[in-house]
Amino acid sequence: MKIKRHVVGLLQTNCYVVWDELSGEAMVVDPGGDSAKILATVREKRLALRRIMLTHGHRDHTGAASAVRRKTGAAIYRHPGDLGGGFLHKVPKADDETVFDLEDGDEFKVGKIRFEVIHTPGHSRGSVSFYTPGALFGGDLLFQGSAGRFGLKGGSFRELVKSLEERIARVPDETVVYPGHGPATTLYEERRTNPFFKDARELKKQYLEGRLK
């Protein structure tokens, strides 16, 4: 698997072009802006872009999705949980031709590389992560030393820590996390030092002890 990161848009969002070297099939994760950069990589690497994968519906992650779709014919995939989610959201509706729903547990392939969709709400209702052994594209779920904002419409601190504690619990420590903003990290490092994981453990303890409803 090859990965090219582009930092796009005013909010410096990480957009990833991911491809299978043998087949040349590719996906782009979170094309938030600067479609020319993204399309230049597709051309330079001679890639067949099949999928535009959105981790959530905020404009800084979706802004160039339609432009990339028009130029390449790639279909857009997103979780329906972010539809109608406020002024920051720009989520295309499913149309059975170019825009499709994602659900927890869905699987898809980029060439020979198999990915799983994990629903990881908290930053937004429709936030999802894309996992393949060795890599997790988590959008704004988790950053180096921090996590995504949960105070925006559709966000929830409790859902965010539940996503960290439970929904990605089976993802191995050695997995590299490719976040929506900032540098890549590993789950091992974040589970060891990130305060949001400590909050997740404390909330789970309170829940099990009957102190949190």
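Please work out if residue 73 is at pLDDT below 95 and open to solvent by 60 Å² or more (accessible area, probe 1.4 Å). Please lay out each step first, then the result.
Numbers: at pLDDT below 95: yes; open to solvent by 60 Å² or more (accessible area, probe 1.4 Å): yes.
Criteria met by residue 73.
All but one of (1) in contact (Cβ under 8 Å) with a residue 40 or more places away in the chain; (2) under 18 Å from residue 197 (Cβ atoms); (3) open to solvent by 40 Å² or more (accessible area, probe 1.4 Å); (4) in contact with a strand residue (DSSP E or B) (Cβ under 9 Å, 6 or more places away or on another chain) hold for residue 153; state the number of the condition that does not hold. Status for residue 153: all satisfied but (2). Of a type in the set (A, V, I, L, M, F, W, C) and at pLDDT 95 or above, is that true of residue 143? So residue 143 passes the test.
If you take the residues in region 157-182 that are open to solvent by 70 Å² or more (accessible area, probe 1.4 Å) and closer than 16 Å to residue 140 by Cα, which one is modelled with the highest pLDDT? It would help to see each step written out before you state the result.
We begin by selecting, within region 157-182, every residue open to solvent by 70 Å² or more (accessible area, probe 1.4 Å); these are 158, 162, 166, 170, 174.
From what is left, the residues that are closer than 16 Å to residue 140 by Cα are 158, 162.
Numbers: 158: 88, 162: 91.
Top of the filtered list is 162.
Residues in region 129-149: is at least one in contact with a Lys or Arg (Cβ under 7 Å, 6 or more places away or on another chain) and open to solvent by less than 20 Å² (accessible area, probe 1.4 Å)? Within region 129-149 (the criterion being in contact with a Lys or Arg (Cβ under 7 Å, 6 or more places away or on another chain) and open to solvent by less than 20 Å² (accessible area, probe 1.4 Å)), the answer is yes, since at least one residue qualifies. Here 53, 1 are screened, and the one residue that is within 18 Å of the chain's Cα centre (by Cα), open to solvent by 30 Å² or more (accessible area, probe 1.4 Å) and modelled with pLDDT of 95 or more is 1.
The values are calculated or read from the model by the stated rules, or taken from the named source; none is laboratory data. Every value quoted in this text rests on a predicted model; they were computed, and no experiment measured them. Positions of Cβ are backbone-derived with ideal geometry, glycine not excepted, and every protein chain shown enters the neighbour counts. Remember, those area values only see protein heavy atoms, side chains included, never the ligands or the DNA or RNA. Shrake-Rupley method; radii C 1.70, N 1.55, O 1.52, S 1.80 Å.
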